Amino acid sequence: MKRYWIYILAALTVLSACQKLPQGPGDIPDTSYVPRTELGAKLAKAASVAHIYADSTFLLARGVDETDVHLQTMDYKVEHIFILRIDLSAPGVKMKLVLPGDSDTYVVGARQTPSEMIEIVDKPGRRVIAAVNADFWDTSNGRTRGPIHREGAILKEDFFYSKTLTDQAISFFGFDFDGVPVIRDSTEYRPHQSEFCDLTGSGVIVLKDGVVPSDFSAYSRNRHPRNVVGYSADGKTLYFLIADGRQPTWSEGLLYWEMGEMMKSLGCSWSSNLDGGGSAQLVVRHPTVDIYQLRNRASDGAERPVVSCWMVTSDEP
C-alpha cells in the first residue's frame, strides 16, 4: 500500500511542475465575484485591474484598517496586495519614522527588521499598530538613499543617487509640521527643507496631482514586490499598498503604471514608490490576539533588516 502512495505523490508532483503559468486571458477564467470591501470595489475600477478574486478587510485600530486583495491585472498577472489605510485625523493616531534602535542619530549601515523596531517602540500610550519599510538603501554598505527628518531634526539632508539605479533617490515622502503628508520630486527638497518634520527619500512618483504619468520608460520595466505610499487630496487619509512578487504561483509583482492606477482608484492624489523587493514588508498588530505578524509573503521568505520604517501608532494603553 505504501508503494502506491509513493506513485500517487510522484504523479502529483509532476502534474504540479507541468502547470502552465497564466500567459493570456484564456489561461485565467473569468469570475462573477463581487468585491465585498470598500477598497476592493474601488480597486476593481482601476484601469490596471481586470478581476478581483477575493478581498477582506480587518480593523486594526480606531482609524486604521487593512484590506487584502487577490486580483488579476490587465496584463493577465495574478497578484496579492495588502492595503494599509490610515485616517490621519483619527484621535490618537500618529505616524512615526523609526530608525534601527529607535535612534535619534543616523548611523550608516544600521539595520533592523520591522518587528525588531516595533519591539523597541511599542509601549503603553504609544502602541504600534502597523509598520512598513521606508527608504531605499545601498545593499553594499547600508547607506540610506534619501534625506532623513525625524521629529523636526534633520539627520541627513542629501540624496545618494546612482545612474545605474534610476528608480531610487528621486523623490521624497514626509509630513510637514502640521502633520500633512507631502510627496514631491527631489529637486523640490532643498527649497522647502525646513518645512518638513518627518521625511525619507522615495523613488518613482507613480501619481502626480491625480494623474498617472504617461511614460515610465526611463525606469525599470520589470515586475517586483512593491511598497507604494499615497494620500488623498485633502491630506487626511494615507495609504500604503504592499504587493508581493517574484512568486509566480502566488504573486508576480507590479509595474509602475499599475500601481499608479491602483492608487488613483483608491482616491489618492500623490503616490510614490518606496523600497521594494525583499524589503517590501507589512507588519501589523493582530486585531484579536495582540501579536505582531508579517502580513505579506516577503520575497526573502522572512523579514529583512531595513534602514528605516514608517509606523502607525495609537495612544491606546
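Bear in mind that the values in this text are calculations on the coordinates, not laboratory data. A quick note: this is a predicted structure, and the numbers were derived from the prediction, not measured. Methodologically, a virtual Cβ is constructed for each residue, glycine included, from the backbone with ideal geometry; neighbour enumeration extends over all protein chains shown.
Odds and ends about this structure:
- Fewest-first sequence of Asp234, Asp198 by Cβ atoms within 10 Å of each Cβ: Asp234, Asp198
- Residue pairs, from the table Lys96/Lys163; Lys42/Lys236; Lys94/Lys163; Lys42/Lys94, whose Cα atoms sit over 29 Å apart: Lys96/Lys163; Lys94/Lys163
- Note on Ser217/Asp300: beta-carbon distance plugged into 1/(1 + (r/R0)^6) with R0 of 35 Å gives a FRET efficiency of 0.75.
- Percent RCO, i.e. relative contact order, over the chain, from Cα pairs under 8 Å lying at least 6 residues apart: 23 percent
- Residue with peak Gaussian network fluctuation, the chain [Cα springs, cutoff 10 Å], from Val284, Val180, Val307: Val180
- For region 242-317, the square roots of the Cα gyration tensor eigenvalues, ordered a ≥ b ≥ c, give a/c of at least 1.5 with a/b no greater than b/c, which places it in the oblate category.
- Förster radius 41 Å - calculated FRET efficiency between Ser56 and Glu151, Cβ distance, rounded to 0.05: 0.70
- Here the spin labels are modelled as points 7 Å beyond Cα on the Cα-Cβ line, and at Val289 and His192 they lie 4.3 nm apart.
- Of Ser232, Ser186, Ser214, the one that fluctuates the most in a GNM where the chain has Cα springs shorter than 10 Å: Ser214
- Here is the list for region 109-175: GluC sites (Glu not before Pro) lying in DSSP coil, each with at most 13 other C-beta atoms within 10 angstrom of its C-beta, are Glu151, Glu157.
- Checking [x] 22.2, 67; [y] 20.0, 76; [z] 20.9, 91 against Rg and Dmax of the Cα atoms in Å calculated from these atoms, the matching label is [y].
- Selected from Val306, Val121, Val98 as most flexible by GNM, with the chain as the system and alpha-carbon contacts under 10 Å: Val121
- Efficiency of FRET from Cβ geometry, Val180 and Asp122, R₀ 22 Å, rounded to 0.05: 0.30
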